[in-house]
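Taking it in order: structure first as structure tokens, then the write-up.
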Amino acid sequence: MAGLQTNKKKKNKLGMRRTGFIMAFLAPTLLVFCVFYLYPIVTVFATSFCKWDYTNITSPEFFGFGNLWDNYNYIFNKYPFFWEALRNSTTWAILGAVVQIPIATLIALALSRKVKGVKWVRNIYIVPNMISTAAMGIIFLQLYNPSYGIINPVIRLFKKGFSDNILLLHGPAFVAMTCAYIFFTGTTTLMILGNIMAVPEEVREAAMLDGASGLKQDWYIVIPMIKGTLKTVSTLAATSGFLIYNEVYFLTKGAAGTYSISYVIRELAISSPRTQFGRANAVAVIQILAGMVIIVVVNLLYSMNLGKKRIDR
Amino acid sequence: MNMRKDKPGKGVKNMSAFTRIFTYLCLAWALLVALVPLVWLVISSLKEDPLARPGFQLPESICLDGYISTFKDLHVLRYFGNSLFIAGISVIISVIMISMSAYVVARMEFKGKTLVTMLLYSTMFIPATALTYPVYRLVNSLHLYDTRGALIFVYACSGIAVSFFVIKNYYDNIPRDLEEAARIDGCGYVQTWLKVIFPIARPGIMTAAVLAFLNNWNEYYWASLVMITREKLTVPALLSTFTTAFNTNYNGLFSAMVVIILPPVLLYCFFSKFFIEALSGGAVKG
């Protein structure tokens, strides 16, 4: 009897210890989550319905239910750059999934073949991804410079006497900015390559026996097998495309129709002389929601594609 | 003997001409994309006046003035020091924190585990830019604005999801017998983690740390937001002063750019094996 009780006590003590350990080890991360993510997100949502700008910095005022959507109204109907920014950011998100991922996959497949010098190419291809996008932005700013860059001489081959700064031309500026980041897919390529290398050798051999080699094998055997990774990297590429800021800041500062959503938020909240926190947070809410939409859309697209493949068989 | 060489579908000999040409085209494109901007930058930095000899023309004579002034007048080493300090401290804080909670989530059952996991994963999809103003205000109210502490705070707190993902995956692959053995030997929970699990999980934790360090080293958005004093800036934040600071001194600008991108590139050259294994999830050997 007595022995059982001490045993129970021991167990209880152990349970307490266990709970204490779990709590102690989780606490720092959860604290960070609450301070750095939860609290700011709640603030963003709540104050997107408040009058809050440079005139009342310390005390946001709730609009009341009658004018609940005032900030959103302003953003949609009066703020001149919102639709441009949303269109650009969405385009960059789509290009991330539609251009970056195929390029990254093609290069990863090429790198997976045992060709001479393939290790060198792989190592060199990742170098630009080790450099900050801010530095790459400045390098491209110089490349695009009309008087000493290398883009204008190339354009002059097709169009004699071209001497404009392409970053100031509506249209070309957007293309130029996109080209300043979109081809650097080093880390994505490596993640895909890692997955390609993990495809078991037996599967490849079986494919060979069925007469599928080279590109055919890649398309019918390898790609379906790495679909999970492709979905993940597509989501990441689309999300980071939607969030672009550095390229805009360093290349054009929003000139010639190149605003992005992140740029709008920072301009409204920090850099403009008449800061408008409530409205900036309204744009931030849209950015968060758009991020969720991107995840859902990419997931849907990949599951649709998979379904089709199965029917094909 | 030649088994390895003759593996099907991978060696050059087994490829059809089309596949081979296509492969080489892809590789050539990869080289072109990576090298053109960087080679152009280095060539330009050696020209006394890049305006006089634009494009890929080689310099008449090699001019190193820009490099000398980058160290002498720009004091670039100071900013490297700032970046190293800020990125280093924040990585240490975040990695210790995450490896503790990832362990609990990977190994123990408790109420609300799914919720905790979901919350931490969700941070991957919360754009930091959307939190610009609340975090900016938080930094101000903690009296951290324009201090190195501000950036350490931001970096240690952001990027939870990726580190969590990498480290938890690593824990999942460690056999549970080890802990049981340690428990039987009389180790408490903390001791078991500290003395048995942490050393074994070190490669996974290092991977997370390297990725986080690179991110923090290159981070521009927050670095330009919460710091003002020039002496305290990190390397990326210093870049935004470049376009105006150098005005028409292009030789100086190009040289400074080369110096600034050099540390991460050198670090990568020395540890490329490590980087490549880390980024490819261990499947590609460097």
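None of the figures in this text is laboratory data; all of them are computed from the coordinates on show. Remember, it's a predicted structure, so these values are computed and weren't measured experimentally. Neighbour counts are summed over all protein chains in view; Cβ atoms, including those assigned to glycine, are modelled from backbone coordinates with ideal geometry.
Shape of the stretch B:12-63 from its Cα gyration tensor (a ≥ b ≥ c, root eigenvalues): rounded if a/c is under 1.5, otherwise prolate when a/b > b/c, or oblate?
Taking the square roots of the gyration eigenvalues as a ≥ b ≥ c, the stretch B:12-63 is prolate.
Scale the Cα Rg of the protein assembly as shown by the rule-of-thumb value 2.2 N^0.38 Å and send over the ratio, two decimals.
1.06
Round to the nearest 0.05 the FRET efficiency obtained for residue A:31 and residue A:297 when R0 = 41 Å and r is the Cβ-Cβ distance.
So the FRET efficiency works out to roughly 0.75.
If you place +1 on the Cβ of every Lys and Arg and -1 on the Cβ of every Asp and Glu, how big does the dipole about the Cα centre of chain A come out, in debye to the nearest 20?
1200
Estimate the FRET efficiency between residue B:65 and residue B:231 by the formula 1/(1 + (r/R0)^6), using the beta-carbon distance for r and 25 Å for R0, to the nearest 0.05.
For residue B:65 and residue B:231, the calculated efficiency is 0.55.
7 Å from Cα along Cα→Cβ at both residue B:75 and residue B:247: what's the point-to-point distance in nm?
2.1
In deg cm²/dmol, rounded to 500, what helix-only [θ] at 222 nm does chain B give when every DSSP H run of at least 4 residues adds -39500 (n - 2.57) and the total is split over its residues?
One gets -20000 deg cm²/dmol as the mean residue ellipticity at 222 nm.
Which percent of Cα pairs goes in each bin when the distances of the stretch B:78-279 are cut into 5 angstrom slices starting at zero?
1, 7, 13, 15, 16, 14, 12, 9, 5, 3, 2, 1, 1, 0, 0
Tell me what chain A gives for mean residue ellipticity at 222 nm when only DSSP H runs of n ≥ 4 count, each as -39,500 (n - 2.57), the sum divided by the residue total, rounded to 500 deg cm²/dmol.
-20000 deg cm²/dmol
Considering the dipole of the protein assembly as shown built from charges on the beta carbon (Lys and Arg +1, Asp and Glu -1) around the Cα centre, which of A:261, B:220, A:123 is farthest to its positive end?
Value: A:123.
Measure off 7 Å from each Cα along the Cα-to-Cβ vector at residue B:269 and residue A:163, then give the distance between these two points in nanometres to one decimal.
If labels sit at residue B:269 and residue A:163, their model points lie 4.0 nm apart.
Taking the Cα-to-Cβ direction at residue B:20 and at residue B:178 and moving 7 Å from each Cα, how far apart do the two end points lie in nm?
Inter-label distance under the simple model: 4.7 nm.
Among all helices in chain A defined by DSSP H, which have a length of 18 Å or more along the axis from Cα atoms plus a Kyte-Doolittle mean of at least 1.0?
Span-like helices in chain A: A:277-312.
Does a label point 7 Å from the Cα of residue A:175, set along Cα-to-beta-carbon, have any residues of the stretch A:131-150 with amide nitrogen under 17 Å, and which are they?
Inside the label zone: A:144-146, A:150.
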